[in-house]
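Rule-based calculations on the coordinates, nothing more; no lab input. All values derive from a computational prediction rather than experimental measurement. Reconstructed Cβ throughout: ideal geometry from the backbone, glycine too, with neighbour counts over all protein chains shown.
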Protein chains: 2
Amino acid sequence: MNGAIYYCPVDLTLSVVGGRWQGLIVWALRGGPKRFSELKRELVAVNDKMLSQTLKLLAEQGIVTRTDFQSVPPKVEYNLTENGRQLLVIFEKMEAWGAHYSEV
Amino acid sequence: MNGAIYYCPVDLTLSVVGGRWQGLIVWALRGGPKRFSELKRELVAVNDKMLSQTLKLLAEQGIVTRTDFQSVPPKVEYNLTENGRQLLVIFEKMEAWGAHYSEV
DNA sequence: GATAGTGCTTCCTTTTTGGTAAGTATATTG
DNA sequence: CAATATACTTACCAAAAAGGAAGCACTATC
């Protein structure tokens, strides 16, 4: 995938989900396809560079699809692949844990 | 926790679980307490510095406990707290996803 | 007396990641 | 006619994370 060696499935999954933006993008796409600018608005602190860079990575990893409508001004939509969609159970657990943790 | 602002529970959880070693250490402790040297053997590529640094962080975050037996040679055990243990459902999902993904 | 094992810490270097600003091309809006 | 919005990319710089090597205090073993 990126040349690294993963000693266990958890390590592998973390490499897909663990970056600064990777997980949040997958989570943001849970409700269906979104455009670049919609993602940008939702992931408050992300900048153009990080967003396009991370989307590219996720596309290479087979987690999101990229659909370019070839229009002017540009319109590009991102969506989860089946593999990406299957990550969502992980994030549901994360959401539950995080919500509980911040109450403590 | 570390000064950063988390806009959602998922973001918060990722900050606990998403580092290079944090998640793997939690996962390695799933079967019960382990000593420093046992963790080191299990997490093949980790070095002393990263391991002790990450364990310290996890302890500060309330994910692991540290028990120093005050013996010579030193014996120190690490274990998951209740909060840490509740992270395990996340890793179980990660394991399933990673195992499936690497078959594709 | 040298070596190994224990659980660290410190210093230094390298790698990775993140951020800022600008540029691209075109159409719409005021 | 200037500004705005779209989805990027590129070049450059700063910050953060990770890695490596060595050392420490102490004991037991060879």
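Listed values, structure above:
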item: Pairs with Cβ under 6 Å, 6+ apart, first in the stretch B:13-41 and assigned to a loop (DSSP other than H, G, I, E, B), second of a type in the set (D, E, K, R); result: B:Pro33/B:Glu77
item: Residue within the stretch A:2-10 that is more than 11 Å from chain B (Cβ to nearest Cβ) and not small (Gly, Ala, Ser) present; result: yes
item: Condition met for B:Glu42 (within 24 Å of A:Gly23 (Cα to Cα) and within 14 Å of DNA strand C (Cβ to nearest atom)); result: no
item: Count of residues meeting criterion [touching a Ser or Thr at 6+ places or on another chain (Cβ under 8 Å) and not in a helix (DSSP H, G or I)] in the stretch A:47-66; result: 4
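Quick grid of which residues meet (1) within 12 Å of DNA strand D (Cβ to nearest atom); (2) crowded, with 16+ Cβ neighbours inside 10 Å; (3) at the interface with chain B (Cβ under 9 Å from one of its Cβ atoms):
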position	(1), (2), (3)
A:Trp21	no, yes, no
A:Leu24	no, yes, yes
A:Trp27	no, yes, yes
A:Arg41	yes, no, no
A:Leu55	yes, yes, no
A:Gly62	no, no, yes
A:Phe69	yes, no, no
A:Thr81	no, no, no
A:His100	no, no, yes
